[in-house]
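What follows is one structure encoded as structure tokens, with my remarks underneath.
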Amino acid sequence: MKQMMSRVLAAAVMLGVAAPAWAQLGMLGKVAKTAKTIADLNISEQDEYEIGAMVSEKIRQRYGVVQDKSVHRYVTLVGATLATRSSRPNIKWQFIVLDTDGVNAFAAPGGFVHITRGALALLDDEAELAGVLGHEIIHITEQHTIKAIKKSKMTDLGIEAGAAQAPGGGLGQAAMEKIAGKAAEMVMAGFGRNEELESDNKGLAIANEAGYQPLGLSGFLMRLQERNKASEEKQGLFASHPEMKERLDKLASRAKGLSPAGTATLAERYSKFIAYEPKPITEVAQVEAGAAGLAGGGKTGDKSATAGTKEEEKPKKRGFGLGNLLKPGGEEKKSAQVTGSGGSRGVDTERNAKGGSNPALVAVNITAADIAAFKKEGQLK
Ligand SMILES: [Zn+2]
């Protein structure tokens, strides 16, 4: 754990800000003895960061990281442009490009935003990238994962009340690891309808305030839907997408209500840094059955690090991350059953995509001056 933390810290993207709020630890305090739900626990900002670091490690183990500095630098500059406008500009934001043809994005607590190479390939311009990153950033600023976890009972996660809180006031190590395991499952399983709509709404706003045309996310979602169409129709799972239509309608009306709206698309700059070609969904290499989940334990030396347990593999919730954008909410149960009995591939093609073998973070150092220059070049705000 210690080792991993220092690695993460070494690669952290510093956005040129002063000591983060989580440096002021020690507030709150004795809660532990009577705590029955996670909500009773004091999860500090530092705890949240460490939980996110563990979740990110699992995601990176599963999909690998594109070892390309220039791609990471570009994605980080776009992400930082948005994150510095968010409600939590001072947390340690990191933008990580995963090495898989599957189209996806994942937000882990504490500032870890992941986007896949496959997603970058499918995007047309920088405004679309901003739309996707903005959406993921809001999952983090609104603490969607942490809030969901706080609804769990400690016994559900196997946390002993006495050991839940560390003497200093933060989480105990064992409790933190249990929570990180649950958080990883949640991040993979995807958020509910309300969280997705909130991320759409507020993510669109920060992208637009930064100067991007406001319908970047919509453009991308429509292309993603088109991409998934063939396999969906074949399986009869998603013959209609009322939720998707609702989302696109909401995004459109939100965009109309904005003033002053940004108009930047920056397709040329995007293609200067991102040259990936999208793979048709039928050609996305898949992992073997049983290996699609995230690593169960936090130990990197574990032989089963890339193999999910049966428990994790079970599609409790339909879709996840960006895939979840296509099918959030009420469809979940039904789809999961169909998937389970049909055993067909396709619905989870993006999620079950093979990944690269190198989970190492790519260090990018970006200063406030770099962000300012990047904005100026793109005529962003
Ligand atoms: Zn989302």
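Nothing in this text is a laboratory measurement; each read-out follows from the coordinates by a stated rule. Keep in mind that what you see is a predicted model, and the values were worked out from it rather than measured. Every residue, glycine among them, receives a Cβ derived from its backbone with ideal geometry; neighbour counts consider all protein chains shown.
What full-extension length gain, to one decimal in nm, is calculated for residue 365 and residue 256 as 0.36 nm per residue of separation minus the Cα-Cα distance?
35.6 nm
Skipping prolines and chain starts, which residues have an amide H placed within reach, meaning under 5 Å, of the one on residue 37, given they are 5 or more residues away or on another chain?
154
Work out, step by step, the length gained on full extension between residue 36 and residue 272: first 0.36 nm times the residue separation, then minus their alpha carbon distance; give nm to one decimal.
Separation in residues times 0.36 nm, less the Cα-Cα distance, equals 79.7 nm.
Report the net charge of residues surrounding residue 255, where surrounding means a beta-carbon distance below 12 angstrom and charges are Lys +1, Arg +1, Asp -1, Glu -1.
Around residue 255, the charge tally is +1.
Between residue 98 and residues 5 or more places away or on another chain, which pairs have amide H atoms under 5 Å apart, with H built 1.01 Å from N, and which residues are they?
Distant-sequence amide H within range of residue 98: 66, 115, 116, 117.
If packing is taken as the mean number of other Cβ atoms within 10 Å per residue, what is the order of 114-121, 349-356, 154-161, highest first?
Most protected by this proxy first, the peptides run 114-121, 349-356, 154-161.
By per-residue mean of other Cβ atoms within 10 Å, what is the highest-first order of 256-269, 91-104, 177-190?
The densest-packed peptide leads the list: 91-104, 177-190, 256-269.
For a quick check: with amide H placed at 1.01 Å from N, whose amide H comes under 5 Å from residue 293's, ignoring anything fewer than 5 positions away on the same chain?
For residue 293, whose amide H was placed from the backbone, the distant partners under 5 Å are 308.
Convert each backbone phi in the stretch 162-179 into a coupling constant with the Karplus relation 6.51 cos²θ - 1.76 cosθ + 1.60 (shift: θ = phi - 60°), then list the ³J(HN,Hα) values in order as whole Hz, x for Gly and Pro.
x, 9, 5, 10, 6, x, x, x, x, 6, x, 4, 5, 5, 4, 5, 5, 5
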